[in-house]
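The values are calculated or read from the model by the stated rules, or taken from the named source; none is laboratory data. Being a predicted model, the structure only gives us computed values, none of them experimental. Here the Cβ is made from the backbone with ideal geometry for all residues, glycine too, and neighbour counts use every protein chain on show. The accessibility values were calculated without ligands, DNA or RNA, using every heavy atom of the protein model including side chains. Shrake-Rupley method; radii C 1.70, N 1.55, O 1.52, S 1.80 Å.
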Amino acid sequence: MRTRTLLIIGILIFSSCSEAVVTERSYPRVSKLEITNIANGGVAFKAEVTYASVAIIDHGFIWTLGGFPTLTNGQKASLGSKAGTGVFVFTATGLQVGKKYTMCAYARSNQETVYGDVVDFVSK
């Protein structure tokens, strides 16, 4: 009886699993991948456009000395339009040594601006 019950539970668990479905969006998705080479007042940013169902008219990175970085309040590295998904990188220079910065990647379509994960780092 116990074996039969475990078998039925196992069948129910595995039969209820389904493949993840990506919901169609009218805006791109972007995620931060890493921050490296923090030295000599510079830093290397790396991010990825992971979904692009619409034309990306601009993408890049934004960083500030405080608060959430946006297109209107931070230093911006605009990398221009982008066709489809993929990784992009930028090396920022001229940072104030020993200061805490906040960075995020962004992507813009004609209708939306989306921001990636926000991350803090201290320049060296």
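Taking every protein chain into account, the accessible area of the stretch 64-124 amounts to 56 square angstrom per residue (probe 1.4 Å). You can think of it this way: the chain between K46 and D117 has 24.4 nm of extra reach, that is 0.36 nm per residue less the Cα-Cα gap. Students often get this wrong: which residues of the stretch 96-119 have the backbone nitrogen under 12 Å from the point 7 angstrom along Cα-to-C-beta of I38? 97-103, 119, by backbone N distance to the label point.
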